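Notes to accompany the following structure.
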Amino acid sequence: TDRPHVFNLYGSYDFHWFEKVKNNVTTFGLFTTAQSGTPQTSFYSFYAAAVLERRGNLGRTPVFTNTDFYVSHRVRFGGSERYALNFDFNVLNIFNEANVLSIVTDPGAINPSIATLKLPASVTDEPKALNYILTNGILSNYQAFLNDATAPQRKQTALGLANGFQGGRQIRLGLRFTF
């Protein structure tokens, strides 16, 4: 959630329908935000997920923007206007934006295992295989796994493409009674 630049704007206005009678009030409000994208880091999975290169090596997601709008109408009634009925109308993401929130960060379409890695013939069991991989470098073995010409399906063809988006427009209606 590293967003170095954030701009928020909020405003509202209360509209009184009749000057002498203060029991009918309509409130209009608007909230908008613009934020820089979040850093995207490539990960790999080999028994556990780990950072492949460095934090933010895939760049950032695009700028995130969102605007919400609401209208609330209050009617007071009863003795000394102690009761109130509120009608609420909220529109979240009023412009129905679909900003990218995340991208595919795993370069492998399938996760490697001891059986799928090309190891020397002297490495015969799992403890020896893990020792070999840790001694000779996990990343070099992982890159060899991905770049194996006999198994091109191992590479993720969607690497860097969007896979998470901002939610669509939502409209919420509400009715409140206060006493």
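The values are calculated or read from the model by the stated rules, or taken from the named source; none is laboratory data. Since the model is a prediction, treat every value here as computed from it, not as a measurement. Glycine also receives a Cβ, built like all others from the backbone with ideal geometry; neighbour counts cover every protein chain displayed. For the accessible areas, the whole protein counts, side chains as well, though only heavy atoms, and no ligand, DNA or RNA atoms are used. Shrake-Rupley method; radii C 1.70, N 1.55, O 1.52, S 1.80 Å.
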- Item | Nearest-10 value in Å² for the accessible area of D68, using the 1.4 Å probe | 30 Å²
- Within the accessible area of the chain (1.4 Å probe), percent carbon and sulfur: 59 percent
- Can you pull out the trypsin sites (Lys or Arg not before Pro) in the stretch 1-80 that DSSP calls coil and that have at most 14 other Cβ atoms within 10 Å? K20, K22, R54, R55
- Hey, what do the phi angles of the stretch 57-66 turn into as Karplus ³J(HN,Hα) couplings, whole Hz, using 6.51/-1.76/1.60 and θ = phi - 60°, x for Gly and Pro? 5, 9, x, 10, 5, x, 4, 9, 10, 7
- Using a 1.4 Å probe and ignoring any ligands, DNA or RNA, find the accessible area of K155 and quote it in Å² to the nearest 10. 100 Å²
- Average the reciprocal distances over every distinct pair of alpha-carbons in the chain, invert the result, and give the Kirkwood radius in Å. 21.3 Å
- Item | Top of G137, G168, G59 by mean-square fluctuation, Gaussian network on the chain, Cα under 10 Å | G137
- Separation of the F18 and D148 label points, Cα + 7 Å toward Cβ, nm: 8.2 nm
- Message: Going by Cα centres, the stretch 57-126 and the stretch 127-141 are how many Å apart?
- Response: 37 Å
- Item | FRET E, pair L139, N163, Förster distance 22 Å, beta-carbon r, rounded to 0.05 | 0.40
